[in-house]
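Quick notes on the structure that follows.
Read-outs throughout are calculated quantities, based only on the coordinates presented, and are distinct from any laboratory measurement. This is a predicted model, so every value here is computed, not measured. Note that each Cβ is placed from the backbone with ideal geometry, even for glycine, and that neighbours are counted across all protein chains shown.
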Amino acid sequence: MNNSNILHNDILKILKKSSKVLLTTHTNPDGDAIGSALALYHYLILNNIPTQIVISDDVPRNLQFLPDSKLVESYNPNRHNSYIKSTDTIVFLDLNEISRTRLLAPILEQSNAFKIVIDHHTNPKDFANLLYSDTECSSTGELIYRLISADDDFKITQNIAECIYVAIMTDTGSFRFPRTTSEVHRIIANLIDAGADPYKIYDFVHNQNPLKIIRLLGIALSKMQIHFNGKVCIMTISKEDFASTGTNYRDTEFFVERTLSIEGVEIGILLTEVFERGEFKISLRSKGEIYVNSLANAMGGGGHLNAAGATIKSTSLDSALQSLINQLKIKYN
Ligand SMILES: [Mn+2]
């Protein structure tokens, strides 16, 4: 038995001994966050382990088709604090530091429950009792697949297959990103055999946009700027752009990928004005050996080698753009 099998069995043993489990994930949850949480939720419920998923935000609209997505609860101290205080195991999914749970962070920090992290982001912080981290892995969904597959008595259900499929599909950019290994495709084949429908799932996740989001994308595409001799593309979205289209920063999830579709561009950036909180969100993408996680770290964020992000404070979009360009000069000149 190799090391990861021992780890899988340890995690399964701890979960099965738990009287109450809390699952949580990062703020602004994506398909990997929600898919992983729901997949593990279904597994635990089928094993008769009382489980709740509590997160800082709502489930994004394009993930609400997932089985039992309504059971993912947005944190409300009055509704959830007593459950959180009485839970004996907390599983943090798809995050490498506790602050990524945003509103939940203070109460989770205080909790004496056994803490497990299952994640694939670089530089995991040491805040849990048990860390299952594989930074080479496509997605947290892939880790959940490995974990559940280590339970010989359990057969992956259609619900679980759909949730893990969404997790892997979204974190690999629909099977295009560098971590799309043959193993990922073997797992995907097993998920399809277990009932996940690739056509249906892609359609729900990517082809059900309200027109206003595509209008916003049009504005963002038309304002793209090229810097550093064509190597860096920056897309900016102002609060006026959101207001004129009736959208908000959470409607931009897949926009940044478009920046890398331009010939010669190695780094693509989306800078958005998050007007509710006076912050600016920076999403970074890069190609091949050009890495952006250290750039994100320099701005107080983090992520993966080729996909990372940060949130900065600034007085205006122009000054946020300027400090971003200054950071780029430091890193890449
Ligand atoms: Mn992920």
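So the values come out like this:
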item: Trypsin sites (Lys or Arg not before Pro) within the stretch 117-203, DSSP loop, no more than 13 other Cβ atoms inside 10 Å; result: LYS155, ARG176
item: Residue-span extension gain [ASP152 to ILE214] - 0.36 nm each, minus C-alpha spacing; result: 17.8 nm
item: Magnitude of the charge dipole, the stretch 100-259, Cβ model with Lys/Arg +1 and Asp/Glu -1, debye to 20; result: 740
item: Sorted by Cβ neighbour density within 10 Å, fewest at the top, the residues LYS13, LYS281; result: LYS13, LYS281
item: ALA298-ASP134 FRET efficiency (beta carbon distance; Förster radius 25 Å; 0.05 resolution); result: 0.50
item: Segment GLN225-TYR202, length gained on full extension (0.36 nm per residue, minus Cα span); result: 5.3 nm
item: Local net charge near TYR202, Cβ-Cβ under 13 Å (Lys/Arg +1, Asp/Glu -1); result: -1
item: Cα gyration tensor shape for the stretch 51-125, rounded if a/c is under 1.5, else prolate or oblate; result: oblate
item: Rounded Å value of the spacing that divides the Cα centres of the stretch 65-100 and the stretch 15-43; result: 8
item: For ILE14, ILE330, order by how many other beta-carbon atoms lie within 10 Å, fewest first; result: ILE330, ILE14
item: Label-to-label distance, nm, for residues given as ALA243 and ARG102 (7 Å Cα→Cβ offset); result: 2.2
item: Relative intensity, log₁₀ I(q)/I(0), of the chain from a Debye sum that treats every alpha carbon as a point, q = 0.06, 0.11, 0.15 Å⁻¹; result: -0.21, -0.71, -1.30
item: Cα centre as origin, Lys/Arg/Asp/Glu Cβ charges: the chain dipole, Debye; result: 540
item: Cα-Cα over 26 Å, subset of LYS115/LYS331; LYS125/LYS281; LYS85/LYS155; LYS70/LYS313; LYS281/LYS329; LYS239/LYS287; result: LYS115/LYS331; LYS85/LYS155; LYS70/LYS313; LYS239/LYS287
item: Protection-proxy order for peptides 86-95, 258-267, each taking the mean of Cβ atoms within 10 Å per residue, highest first; result: 86-95, 258-267
item: Per-residue Cβ neighbour rank within 10 angstrom, fewest leading, MET169, MET235, MET299; result: MET299, MET235, MET169
